[in-house]
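What follows is a single structure, written as structure tokens, with notes after it.
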Amino acid sequence: MEVILKQDVKHLGTKNEMVKVRPGYARNFLIPQGFAVEATIGRRKEHKEIIKQRAHKEEKILTEAQKTADLLKSVTLKVGAKAGEKGKIFGSVTAIQIAEAISKSGFAIDRKHITLDNEENIKTLGTYTATVKLHKDITVKVNFEVIAE
């Protein structure tokens with residue numbers, strides 16, 4: 001029996017995916033729990049249309065993310081931090097400060113999508129790189145400089 005999943009089901013498939021399962025599993029678990037609907041002729045047509053629309057939206061999002069990635073590659077960010085005489089920072093630079101610097105440059109990036117390339121915290125002045133995940137397929141390396149305020 002073929003069903004169309006309404007949400008992600010572990011070890012079976014993802015939302016809006018058409019999968020083949022045993023009839024008992026579909027009638028007794030998936031359909032009553034609201035995880036799936038039976039793949040009738042009308043629902044199959046509707047499913048094809050949803051997939052086509054999603055592909056169009058996904059393509060648009062992907063091109064926007066690529067444009068943003070190209071612009072971010074050329075930008076060198078400056079992150080200000082209070083520092084001592086020998087260049088040691090009071091505290092450390094984290095993804096939050098980098099996200100603020102990116103937003104000042106005109107890009108809206110969530111701090112959860114930013115990871116520092118060196119696994120340790122940044123505690124000295126200098127030039128570093130961070131990885132920004134713009135899309136599931138697009139990541140970009142951003143150079144930033146930590147300067148004393």
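The values are calculated or read from the model by the stated rules, or taken from the named source; none is laboratory data. Predicted, not measured: the structure shown is a model, and the values here were computed from it. All Cβ positions, even for glycine, are placed from backbone atoms using ideal geometry, and neighbour counts span all protein chains on display.
Hey, among 141, 133, which residue is in contact with a His (Cβ under 8 Å, 6 or more places away or on another chain), surrounded by 11 or more Cβ atoms within 10 Å (Cβ to Cβ) and either closer than 21 Å to residue 74 by Cβ or outside the structural domain of residue 74 (by TED's automatic domain parsing) (or both)? Break it down into steps so the answer makes sense when it comes.
Numbers: 141 fails: in contact with a His (Cβ under 8 Å, 6 or more places away or on another chain).
On inspection, the qualifying residue turns out to be 133.
Just to confirm my filter: which strands (runs of 3 or more DSSP E) fall fully inside the range 1-96 and include at least 3 residues that are within 30 Å of residue 138 (Cβ to Cβ)?
On the way: elements: 2-5, 18-20, 36-38, 76-81, 88-93.
Of the strands (runs of 3 or more DSSP E) lying wholly inside the range 1-96, those with at least 3 residues that are within 30 Å of residue 138 (Cβ to Cβ) span 76-81.
Yes/no per residue for (1) hydroxyl-bearing (Ser, Thr, Tyr); (2) more than 15 Å from the chain's Cα centre (by Cα); (3) closer than 30 Å to residue 61 by Cα; (4) in a strand (DSSP E or B):
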site	(1), (2), (3), (4)
120	no, yes, no, no
128	yes, yes, yes, yes
131	yes, no, yes, yes
140	no, no, yes, yes
147	no, yes, no, yes
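Taken over the range 105-130, the criterion of being among the hydrophobic types (A, V, I, L, M, F, W, C) and surrounded by 15 or more Cβ atoms within 10 Å (Cβ to Cβ) is satisfied by 107, 109, 114, 116, 122, 125, 130.
Take the residues in the range 57-104 that are among the small types (Gly, Ala, Ser) and surrounded by fewer than 15 Cβ atoms within 10 Å (Cβ to Cβ), then tell me which one is farthest from residue 127 (Cα to Cα). Let's see the steps before the verdict.
Quick first cut of the range 57-104, residues among the small types (Gly, Ala, Ser) only: 65, 69, 74, 80-81, 83-84, 87, 91-92, 95, 99, 101, 103.
Then drop every residue that is not surrounded by fewer than 15 Cβ atoms within 10 Å (Cβ to Cβ), which leaves 74, 80, 84, 87, 91-92, 103.
Working: 74: 15, 80: 12, 84: 17, 87: 12, 91: 17, 92: 14, 103: 19 Å.
Among residues in the range 57-104 that are among the small types (Gly, Ala, Ser) and surrounded by fewer than 15 Cβ atoms within 10 Å (Cβ to Cβ), the one farthest from residue 127 (Cα to Cα) is 103.
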